[in-house]
Amino acid sequence: MSNSKLEVVELQTSETYELRTAVLRDNTPTSDPKYAEDSKTGTVHLGIFDEHKQLIGTSTWVINPWQNDSAASAIQLRGMAVAKNQQNSGIGAMLLTAGVAHAKKLGAKYIWAKARDSALNFYLRHEFVVVGDGFTEGITQMPHHLVVREISF
């Protein structure tokens, strides 16, 4: 399927749960797809549906300060999930491009995320840098690194 027919749209929080569970909670101690920030003011959920109206990608964008520059406006990327049969197809890049545009519109200086080590190369290919040492994320018990991208206008 060509990505030219796909578009990024805003989602309701509940629309993200099934895909988040399938991708982000697979082989983890929990099946809860919810984040405390899901209903925080300013949070935006983005998604991409395929031609069968199945959600194949989602990401959540939360206004959250970046720990190394708390005075600057920043957006945290959470819950980036691409259906397993669509990974490495450009869906994640489309979501990221839309999220960067959203962050720019808000005047954010940074986008940051707690990136799974298994997805680290994706972030590095998209102008993020790793900050600090790796850690085991408490909910998933998977290895992660903090990543940040400074937004240029």
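Restrict the check to the range 33-44 and report whether at least one residue is over 15 Å from E10 (Cα atoms), out of contact with any strand residue (DSSP E or B) (no Cβ under 6 Å at 6 or more places or on another chain), among the basic types (K, R) and assigned to a helix (DSSP H, G or I).
no
Kindly indicate the residue of the range 73-84 that is closer than 11 Å to V23 by Cβ and touching a strand residue (DSSP E or B) at 6+ places or on another chain (Cβ under 8 Å) and also surrounded by the most Cβ atoms within 10 Å (Cβ to Cβ) among those meeting that condition.
Among those that are closer than 11 Å to V23 by Cβ and touching a strand residue (DSSP E or B) at 6+ places or on another chain (Cβ under 8 Å), it is A81.
With T28, T16, T58 as the choices, which residue is β-branched (V, I, T), farther than 16 Å from Y110 by Cβ and either part of a loop (DSSP other than H, G, I, E, B) or modelled with pLDDT under 95 (or both)? Explain how you work it out, then say what you get.
Working: T16 fails: either part of a loop (DSSP other than H, G, I, E, B) or modelled with pLDDT under 95 (or both); T58 fails: either part of a loop (DSSP other than H, G, I, E, B) or modelled with pLDDT under 95 (or both).
One residue alone meets the criteria, T28.
Residue by residue, here is whether (1) hydroxyl-bearing (S, T, Y); (2) within 20 Å of F128 (Cα to Cα) holds:
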| site | (1), (2) |
| --- | --- |
| R20 | no, no |
| D26 | no, no |
| T41 | yes, no |
| I48 | no, no |
| W66 | no, yes |
| L77 | no, yes |
| A108 | no, yes |
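Quick one: would you say V82 is in contact with a helix residue (DSSP H, G or I) (Cβ under 6 Å, 6 or more places away or on another chain), over 23 Å from E15 (Cβ atoms) and not small (G, A, S)?
no
Which condition number does H102 fail, the rest of (1) farther than 18 Å from S73 by Cα; (2) surrounded by 13 or more Cβ atoms within 10 Å (Cβ to Cβ) being met?
For H102, the failing item is (1).
Condition check ((1) closer than 16 Å to T58 by Cα; (2) assigned to a strand (DSSP E or B); (3) of a type in the set (S, T, Y)) across all residues:
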site	(1), (2), (3)
L96	yes, no, no
H102	yes, no, no
A108	no, no, no
N121	no, no, no
E127	no, no, no
G134	no, yes, no
H144	no, yes, no
F153	no, no, no
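Any idea which residue in the range 86-99 is surrounded by the fewest Cβ atoms within 10 Å (Cβ to Cβ), counting only those that are under 17 Å from A22 (Cβ atoms) and among the small types (G, A, S)?
Among them, the one singled out is S89.
Kindly provide the set of residues from the range 61-91 that are assigned to a loop (DSSP other than H, G, I, E, B), in contact (Cβ under 8 Å) with a residue 40 or more places away in the chain and among the aliphatic types (A, V, I, L, M), ordered by number.
A83
Filter the range 20-55 down to the residues that are basic (K, R) and surrounded by 14 or more Cβ atoms within 10 Å (Cβ to Cβ), then identify the one that is farthest from M142 (Cα to Cα).
K34
The values are calculated or read from the model by the stated rules, or taken from the named source; none is laboratory data. The structure presented is a predicted model; accordingly, all values stated were derived computationally and were not measured. Positions of Cβ are backbone-derived with ideal geometry, glycine not excepted, and every protein chain shown enters the neighbour counts.
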